[in-house]
Structures are given as structure tokens and as C-alpha cells.
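The values are calculated or read from the model by the stated rules, or taken from the named source; none is laboratory data. The structure displayed is predicted, hence computed values, not measured ones. Cβ placement follows ideal geometry from the backbone for every residue including glycine, while neighbour counts extend to all protein chains displayed. SASA here: full protein model, heavy atoms, side chains in, ligands and nucleic acids out. Shrake-Rupley method; radii C 1.70, N 1.55, O 1.52, S 1.80 Å.
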Amino acid sequence: VFEGSRFPNVAVATDGTVLAVFAQNGVSVRRSEDGGTTWGDPIGIAKGFMGGGVTVDENSGDILAFIEEHHPPAPLTVYRSKDHGKTWTAQKTEIKPDSQGHVPSMHMNEHGITLRHGKYAGRLIRAARHYGESNYPKEHWPTHYTTAIYSDDHGKTWKTSKPFSEMGTGEAGIAELSDGRLYYNSRSHWNAKKPPLRRRCAWSADGGETWTGWRIVGILPDGPQDTNYGCFAGLVRLPIAGRDILLYSNCDSPAGRTRGTVWVSFDGGKTWPLKRVVWKDHFQYSSLSAGRPGTASEGWIYMHFEGRLPQTRVARFNLSWLMDGEPTGDGAVPKIGSR
């Protein structure tokens, strides 16, 4: 869908419009109003550097885009769309520092979400990161850590969560489970333990203020296994009542970024018993989103990913297609009926 671009993100507006966001001469978006069959021309959001895509406010239907002036750390501007991504306007935004006194960066984290359950329903939250002493040289990577920002006033002011439990992390995604807890899945920006290179995860029971129970997710590769730094990945929970079905996307290759694959969890991230290859060729960064009931996007899963650079593509599939994937051995695949 795009040439000469990097840093993909995908989200679905409340009216079902699919938004593929990317970095090309600033940050731009292409919209699909027919569930991903056709795409409109690129719409420029603003000049600047990709700040990890967009967040849909399900309370109002507005969409927020985070754009930094240049590769972070850098000043950040938030742009708001009130018409499902057709037009964008800069807004005044306050992002408060974390407990260490650091105002986070947004760059290359998965799209944010609106919480739907429990005490914090209506809150906006999205993953963020701190670049530590600096982004380069790589000796500074162990000083990085991942975090999150959340807003209870529709994105005008944001508080920053406590840092994730492990240093050397950055680029993450958040999904809300049916009981209101949050699942956090992060890239290991610097894997001190060397291969096998695997993802990190944790949970929150307080609306994203703190992250507990962190662990290494042994079944989920964090990019190709011949490096000691990970790869930005997609994360989404499917909108199926009473089930915590999570999807995770990354490359599944021993060397080089290839074989774009989606893993499925049926228990909120405890186990990942199923996977299916979506794209066998070059595969770099990816983002996942799910369609909305009652719209042209209903039932579809969208993956916006980098193919052979510099280009991005959008794959569209559904849960039935994923169910024909291969078992991973990490737990059992339940019978959930046909669709």
C-alpha cells in the first residue's frame, strides 16, 4: 500500500474506517471505508517523525496521532481528528513525567486503546518508552526502559506509568483483558542474556499505573534469533465477548527479518498454542488491529507491516483462517466453533 515509507501502524475508527498510518515526508494515513478492499490517497497528518501511530478514543470517536519533531528524544505534538482520519488539527497536550522524572517518547509503540471494563473504563492508554542516556551508541541501550501513558480527559493530559520491570526494553503494546486487567508485551531492545531472543510481558491491575509479574515469554520470538536486539511487533485483543483472544505478530526466522507470523493466545497471554505464517518474504515491523462489529470491518484482522524496505503492505484475514495454523506446543488449542 505504500512505497518509500517505514514505521507502520494500523487502527480501526469507531465507524469502521481502517487507518493505515506510516512515515513518508512526515506522518501520513490512508483510509479504507470498505473494510480494507480499497484505499484512499495518502492524507498528510503533519511533518515530523512517527510517534507510534494513533489512538482511537472510543468515548468520542476522535483519533489522536503522536508526532515528534525528529528521531526522539524530541518535542512531541498530538494531532486530533474528529472525522475518522480525514482532517487533523494540532492540540495543546500535557504529558507528565514518570516516577524517575523522565517524560517518555512515543516512537514505535503499538497503537493505544480505550479501556472498556471496570473502574478505569473510558481511560485512554498507550505504550511509551524512555531512551535512557541516549539512543546511540548501543552501549546505552541497557539504560532504556518501556512504560505507558494514560489519560482520563480524552487525551488532553497524560500521566506516565511506573517503568516496566526490566531495563533494556522499548517498543511495546497493550491489550485489555475481559476482567479489566492489562497485558503488556515489550520488545527487548537489548538482550543481555543473548539468544534465544524472546519477548517480555507483564500485567497491570490498576489501569496501567504499575506493571507486575514480568516474565520472558519463551514461545514468542522477538525478531530473528541471530541478533541480541528485538523487533517491533503487533498486539491486539479480538473483540469477542467472554474470551481473551490475543494476537501477536513478528518475524519467525533464525536469521534475517523474514516469515511474518501471527501467534494466537486464548487465555490472555498465558500461553500461545497456535501460529500461522502470513508473509514468507522480507518482514520487519508490524502492527495489528481488529474490525468493529456492525461495520464493513467486522470480523477482519488487519496487519500493516514492512515488507522489502522501503515499502509497507496490509494483510487482511480472520480468526477462522488463523485456526488452520500450526500448533506451537505451548498449551492446548480450544475448540471455539466455526465462523
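Values for this structure:
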read-out: From the options His154, His130, residue that is touching a His at 6+ places or on another chain (Cβ under 6 Å) and more than 19 Å from Ser286 (Cα to Cα); value: His130
read-out: Selected residue (criterion: farthest from Pro293 (Cα to Cα)) from residues of segment 238-251 that are buried (at least 23 other Cβ atoms within 10 Å of the Cβ) and without any contact (Cβ under 8 Å) to a residue 60 or more places away in the chain; value: Cys251
read-out: Boolean, Thr143 is on the phi < 0 side of the Ramachandran plot and modelled with pLDDT under 95; value: yes
read-out: Number of the condition not met by Thr14 [criteria: (1) surrounded by fewer than 23 Cβ atoms within 10 Å (Cβ to Cβ); (2) assigned to a strand (DSSP E or B)]; value: (2)
read-out: Residue count for segment 185-225, restricted to those that are part of a loop (DSSP other than H, G, I, E, B) and modelled with pLDDT of 90 or more; value: 12
read-out: Every pair of residues 6+ apart whose Cβ atoms lie under 7 Å, when the first sits in segment 114-136 and is free of Cβ contacts under 8 Å to residues at least 60 places away in the same chain while the second is surrounded by fewer than 22 Cβ atoms within 10 Å (Cβ to Cβ) and assigned to a helix (DSSP H, G or I); value: Gly132/His140; Gly132/Thr143; Glu133/His140; Glu133/Thr143; Ser134/His140
read-out: Considering residues of segment 59-93 that are free of Cβ contacts under 8 Å to residues at least 60 places away in the same chain and of a type in the set (Asp, Glu) only, the residue farthest from Gly173 (Cα to Cα); value: Asp83
read-out: Counted residues, segment 271-294 - those being open to solvent by 30 Å² or more (accessible area, probe 1.4 Å), farther than 22 Å from Gly53 by Cα and either in a loop (DSSP other than H, G, I, E, B) or modelled with pLDDT under 95 (or both); value: 3
read-out: Residue in segment 160-170 that is farthest from Gly122 (Cα to Cα), counting only those that are modelled with pLDDT of 95 or more and either open to solvent by less than 10 Å² (accessible area, probe 1.4 Å) or touching a strand residue (DSSP E or B) at 6+ places or on another chain (Cβ under 6 Å) (or both); value: Pro163
read-out: Segment 89-122, residues that are part of a loop (DSSP other than H, G, I, E, B), open to solvent by less than 60 Å² (accessible area, probe 1.4 Å) and not acidic (Asp, Glu); value: Thr93, Gly101, Pro104, Met106, His107, Met108, Asn109, His111, Gly112, Leu115, Ala121, Gly122
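Results for (1) in a strand (DSSP E or B); (2) buried (at least 24 other Cβ atoms within 10 Å of the Cβ), shown as yes or no for each residue.
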| position | (1), (2) |
| --- | --- |
| Ala20 | yes, yes |
| Arg30 | yes, no |
| Asp34 | no, no |
| Thr38 | no, no |
| Gly44 | yes, no |
| Ser60 | no, no |
